[in-house]
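Below: one structure, written as structure tokens.
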Amino acid sequence: MAHRLVPRDGQRYLSPRVVVARLQSEFPYVASSEEDGRRYVRAIVKQLSAIKQIGEIPVDSEYLDRLDRAQNGAIYVYFEDPSCATTYLSTVVIPGEPLFFYYSSSAHERATQALLSRCAAALDYEIVNM
């Protein structure tokens, strides 16, 4: 129950600020937080560092370093369709990384497909099933 959005072939990732601006132009309600974005990425870095120290599961050091460098540019974003309480999506926008969307249930995933498609179109990104 997850999707990721990636740039189309030959295109680059949009900056987090551009992603937020495009979402704001597409959806009537968008909330974003740079502090929540930084906090989210710091938590990922902390968890991956702990996993790396234990050594039982390999952790890509280059990816970990990239996340650590990118955390100050990350923005957490939430957007919704105000006509339906269950039609919302949120993700952290990390510079140079895909957007990952996870769902609370199968019903939430089904309810947000149109929202996800509109998001992908606004960013000119492709939807990839995970």
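Go ahead and run the numbers for FRET between Met1 and Ser117, Cβ-Cβ distance against an R0 of 25 Å, rounding to 0.05.
0.90
Given a cut-off of under 8 Å on Cα pairs at least six residues apart, what relative contact order in percent is computed for the chain?
In percent, rounded to a whole number, it is 42.
Which of Ile51, Ile94, Ile75 ends up with the largest GNM mean-square fluctuation for the chain, with Cα atoms connected below 10 Å?
Sorting by GNM fluctuation, first place goes to Ile51.
Starting from the Cα of Asp65, step 7 Å toward the Cβ, then list every residue of region 91-110 with an amide N under 19 Å from that point.
95-97
For Rg/Rh (Cα atoms, Kirkwood Rh), one of (i) 1.06; (ii) 1.01; (iii) 0.98 was computed from the structure I shared and the rest are decoys. Which label?
Checking each listed value against the structure points to (iii).
Taking the Cβ-Cβ separation of Ile57 and Ser104 as r and a Förster radius of 25 Å, what is the calculated FRET efficiency to the nearest 0.05? Intermediate values should be presented prior to the final figure.
Working: r = 26 Å, r/R0 = 1.04.
After rounding to 0.05, the efficiency reads 0.45.
Pulled fully out, how much extra length does the chain show between Val18 and Cys84, if you take 0.36 nm times their separation in residues and subtract their Cα-Cα distance?
Working: separation 66, 0.36 × 66 = 23.76 nm, distance 2.61 nm.
Full extension from Val18 to Cys84 adds 21.1 nm.
What do you get for GluC sites (Glu not before Pro) in region 1-74 restricted to DSSP loop and a cutoff of at most 12 other Cβ within 10 Å of the site's Cβ?
Passing sites in region 1-74 are Glu56.
Read-outs: derived from the displayed coordinates by stated rules, not from any lab. Only a predicted model underlies this, so the values are computations on that prediction, with no experimental measurement involved. Reconstructed Cβ throughout: ideal geometry from the backbone, glycine too, with neighbour counts over all protein chains shown.
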